[in-house]
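Written out below as structure tokens is the structure these notes cover.
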Amino acid sequence: MNLVDTFKEFSSGKSIDSPTMVRVLEDVFRTLIKKKFTTDDNFNIIVNANRGDLELWRVREIVPDGEVTDELSEISYSEALAVDEDYEVGEECYEQLFLEDFGRRSIMAARQTLISRIMDLEKDELYKQYTEREGELVLCEVQQILKREILVIDDANGRELVMPRVETIRGDYFRKGDMVRGIIKEVEMRNNNNPVVIVSRTDERFLAKLMEQEVPEIEDGLITIKGIVRIPGERAKVSVESYDDRIDPVGACVGMKGSRIHGIVRELNQENIDVINFTNNTNLYIQRSLTPARVSNIELDMETRRAKVYLEPDQVSLAIGKGGTNIKLASRLVEFEIDVYRNNEVEIDDVDLEEFKDEIEMWVLDAFKSIGCDTARSVLELSVEELVRRTDLEEETVRNVVNVLAAEFDDVEVASAAAAAAPAAEAPAKAAAPAVEEEVKPAPVAEDTPAPEAAAEEE
């Protein structure tokens, strides 16, 4: 069994530099020597990784016959002459060793050690290589689709990477052989310290790299991405800034008629992307983050980092967004907790929802406030079905809340609206009135009005 052949077999195609491979092979042989001779102090190992050559030399001092005190470092004159007839006492004797001298069992053990060391080196190299590439865009080919993850091949070097299902965008559907883009998110160490490279399509950096690829001004550094937040597959918000006053950062990112942003939207499965101008003015930044809603007024609490945002009633739903996505993303982008309030100029007779905390549980009130309904009238303006859909509360819970709030007002309009929300099944059944057949009598004809036939004759 040739260890050098084993070395060449396992080193081929590995991204490990030659000096490192030589050092590994030398370490394996020194271990082999120590097992046989207890020390490797007087041995030289010469490795040529390119040619696959390996030489082992044992070096000992030549002493007169009968004066050997240490067989590991000394050799008798007669034994030295058996190696080379030209040796003299006092010189160093270089004796070449061969793998066969170590025995088959030792060679097999050394071979396994060599394979293990090379594999460990490859793991270390893989970890180092992809750790340095974290955040880079990568193009991969789908290799195998599993239940919880998708195995992909790095198109650049053929390495196997992993894309977990949780890192895919809603609506992603891949088949074997498909090319897919993602971001190198991280390198995990799994069983037996095996490095696993995680590819993600939901990471904010993926959107940043796509924009960098589509917008030359970002790649050139003329436009800077200040913040990105995403709900993958649904919506994203990106704030951008340019230090060149001649450049419109939002317009450059969107492109003529949306030409630049549309390609990114398609890559992200129609994920809506709001691009806004970054500003150090917190009020203005919050206002822009709530696009497309128009904000009337903002009150800031810098200590608690909370913002009270006041809007017209028709703008509240726009600020909150479908399922609360717009306000969630805005809060994450500006790093403020945003509370939405309706303007109360025309709502003089109204009551804040917190006034009902003795009758309605607080978590229920919070559910209504999360959709922008912070007063009794703002809740009563919506139908029960709409409230159920937007709050995800049980219909019975919503109806109880509506009844409690409606009872607070004496005006007929609100009370009747609340009553209308009740299902028809709950209303007392009324007997249908019997239909009365009335004899249809012809309308009397005025005496001065001629009959149709007479009128025709007169004409």
query = Which whole-Hz couplings ³J(HN,Hα) result when phi for each residue of segment 379-394 is put into the Karplus expression 6.51 cos²θ - 1.76 cosθ + 1.60, θ = phi - 60°, listed in order with x for Gly and Pro?
reply = 6, 5, 5, 9, 6, 4, 4, 5, 5, 4, 5, 7, 9, 6, 8, 5
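Can you put ASP220, ASP352 in order, fewest other beta carbons within 10 Å first? Could you put the intermediate results ahead of the total?
Working: ASP220 9, ASP352 14.
Going from least to most buried by this count: ASP220, ASP352.
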task = Enumerate by residue number the GluC sites (Glu not before Pro) in segment 277-383 meeting two conditions: DSSP loop (anything except H, G, I, E, B), and at most 16 other Cβ atoms within 10 Å of the site's Cβ.
result = GLU303, GLU335, GLU345, GLU347, GLU359, GLU361, GLU381
request  = Would you mind ranking VAL197, VAL59 so that the residue whose beta carbon has the fewest other beta carbons within 10 Å leads the list?
outcome  = VAL59, VAL197
request  = Collect residues whose amide H, placed 1.01 Å from N in the peptide plane, falls under 5 Å from the amide H of ASP374; neighbours closer than 5 in sequence don't count.
outcome  = ARG342
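Listing LYS308, LYS237, LYS257 from the residue with the fewest other Cβ atoms within 10 Å to the one with the most, what is the order? The partial results should precede the final answer.
Values: LYS308 15, LYS237 26, LYS257 8.
Neighbour counts put them in this order, fewest first: LYS257, LYS308, LYS237.
Compute, for segment 170-265, the length of the dipole vector about the Cα centre, with Cβ point charges of +1 (Lys, Arg) and -1 (Asp, Glu) only. Units Debye, rounded to 20.
Working: 16 positive and 16 negative charges, 120 e Å.
Computed charge dipole of segment 170-265: roughly 580 debye.
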request  = Have a look at SER73, TRP57, VAL47 and report the one farthest towards the positive end of the charge dipole of segment 39-102, computed about the Cα centre with Cβ charges (Lys/Arg +1, Asp/Glu -1).
outcome  = VAL47
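Over segment 137-202, what is the relative contact order in percent, taking alpha-carbon pairs closer than 8 angstrom and at least six residues apart?
Worked out over segment 137-202, it gives 34 percent.
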ask   = For ARG305, which sequence-distant residues (separation of 5 or more, or a different chain) have an amide H within less than 5 Å of its own amide H, given hydrogens modelled in the peptide plane?
value = none
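All of the numbers you see were taken from the coordinates with simple rules; none came from a lab. Not measured: the values here are computed from a predicted model. A quick note on method: Cβ atoms are made from the backbone with ideal geometry, for glycine too, and the neighbour counts reach across all protein chains shown.
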